[in-house]
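Below you'll find the structure, written out as structure tokens, and then a few comments.
The values are calculated or read from the model by the stated rules, or taken from the named source; none is laboratory data. These numbers were taken from a predicted model, which means no experiment stands behind them. Because the Cβ atoms are built from the backbone with ideal geometry, glycine has one as well, and the counts that use them run over all protein chains shown.
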Amino acid sequence: MTAKKLPDNLHRDTLAVRAGIAPSQYGENSEALYLTSSFVQPDAETARKRFANEEDGYTYTRVGNPTVTGMEQRLAALEGTESAMATSSGMSAVLLLGMGLLRAGDHVVCSQSVFGSTLRLFAVEFAKFGVETTFVSQTDVAEWRAALKPNTKLFFAETPTNPLTDICDIAALAELAHAGGALLAVDNCFCTPALQRPVEFGADFVIHSGTKYLDGQGRVVAGAICGSHKYVNDVFWPINRTAGMVLSPFNAWVVTKGMETLAIRMRAQCDAALALAQWLQQQPNVAHVYYPGLASHPQHELAMRQQSGLGGAVVSFDVRASGAEQGRKRAFHVIDSTQVCSVTTNLGDTKTTIAHPATTSHGRLTEAQRQAAGIGQGLIRVAMGLEHLGDIQADLARGLHNLNTLS
Ligand SMILES: *Cc1c(COP(=O)(O)O)cnc(C)c1O
């Protein structure tokens, strides 16, 4: 059975549901899950051609799998890139990016506020192979400019940051990287292509942890690099078919189905997050709210421009406290008083999650590093899910309203 060819120029909401591989001979309406490690070859000569890359066709799932291909095509359609390569996790996408682009003697400029494991990959693991990284301010483009060297090959950014939601100017970084002969990769985990498409602002690669909003329901670990055919097919794929940081077909299928509801989930979660942020601002026991959708956010206008007018679904806030010790005690009280929110550091789930960054995601930093990063003991991060907003407000109010009665 031949599938109908999709018209060109479909809207993103349609691509999220329709883009990907064509149905099989059975005409299944939902995407098939090809849960197989290998593929039977019609004859020895065809096998020879496929293994020699002279003919298209699946051979072995480390090299390629139709369910994984379908997920890659759908994600590339959403990001507006020519191609995408799925990986076993978000972190293996960053590892594959580095393995593909960097050699001993190369230099990287990276925001100092990126995801903790990303920071460690550049600072510790790539350093072992002779790749040097300079960490710079998330928001001050002058620091990126000053860090550029003749051997700089890569700029790496993530926006907004976790947990303080600082925004970097993708277009400004792309221009600077390209003028210096470097490429720009942007981790788009927090916004997803439903809000922000970094290549439209000049980025060369988009990194995803599919574990977060792409799956959207907290079920699987997954990742991807989106970029041009040239890099995906000629640089990243040859490494990954050998190194094997591939996405399992089952997880690819889960993410494929997750992307169908990405846009409506993101819109609903962003709307609720904005309302929550505005409500938090009015709470006497909240000292500060970090949310790009608020006019008081230092990069509010940039965020609105880059993120389709939406602030994202992650809201962080400081509880009012007289010092670090009281801050931690009060933050723990608010977290432990919740009965609906899940106390976990994951995000991008339909279930609202609540976390204390200073003792979890950022617990390995020294107190001085944490202070420099602005992550205090009174800071709480909430990643808004799809529950009724009123129930989440009541859940936070439970602890916030009686803070003054704590010893
Ligand atoms: C979770 C996360 C990652 C890592 O993704 P995994 O799928 O857990 O490997 C990378 N970047 C950001 C911004 C994340 O939130």
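Annotation note: Cβ proximity below 8 Å between a residue of region 217-236 that is farther than 11 Å from residue 86 by Cα and in a loop (DSSP other than H, G, I, E, B) and a residue that is among the polar types (S, T, N, Q) and more than 12 Å from the ligand (Cβ to nearest atom) (sequence gap 6+ or interchain) occurs for 217/350; 218/350; 228/81; 228/83. Among the residues of region 114-140, the one identified as more than 10 Å from the ligand (Cβ to nearest atom), in contact with a strand residue (DSSP E or B) (Cβ under 7 Å, 6 or more places away or on another chain) and under 20 Å from residue 197 (Cα atoms) is 138. Scanning region 87-109 for residues that are closer than 15 Å to residue 157 by Cα and more than 15 Å from the ligand (Cβ to nearest atom) yields 107, 108, 109. Would you call residue 394 out of contact with any His (no Cβ under 9 Å at 6 or more places or on another chain), touching a residue at least 60 places away in the same chain (Cβ under 8 Å) and under 16 Å from residue 276 (Cβ atoms)? So residue 394 fails the test. Counted as qualifying within region 1-112 are the helices (runs of 4 or more DSSP H) with 2 or more residues that are polar (S, T, N, Q) and under 25 Å from residue 260 (Cα atoms), namely 66-79. Of 101, 96, all but one fail to be in contact with a helix residue (DSSP H, G or I) (Cβ under 7 Å, 6 or more places away or on another chain) and either outside the structural domain of residue 184 (by TED's automatic domain parsing) or surrounded by 18 or more Cβ atoms within 10 Å (Cβ to Cβ) (or both); the exception is 96. Checked against the criteria, residue 54 does not count as touching a Ser or Thr at 6+ places or on another chain (Cβ under 7 Å), surrounded by fewer than 18 Cβ atoms within 10 Å (Cβ to Cβ) and outside the structural domain of residue 306 (by TED's automatic domain parsing). When the residues of region 179-216 are filtered to those that are hydroxyl-bearing (Ser, Thr, Tyr) and outside any loop (DSSP other than H, G, I, E, B), the one that is farthest from the chain's Cα centre (by Cα) is 192. Is it the case that region 267-276 has a residue that's away from the ligand (no atom under 16 Å from the Cβ), assigned by TED's automatic domain parsing to the domain that holds residue 87 and buried (at least 17 other Cβ atoms within 10 Å of the Cβ)? Scanning region 267-276, I find no residue that is away from the ligand (no atom under 16 Å from the Cβ), assigned by TED's automatic domain parsing to the domain that holds residue 87 and buried (at least 17 other Cβ atoms within 10 Å of the Cβ), so the answer is no.
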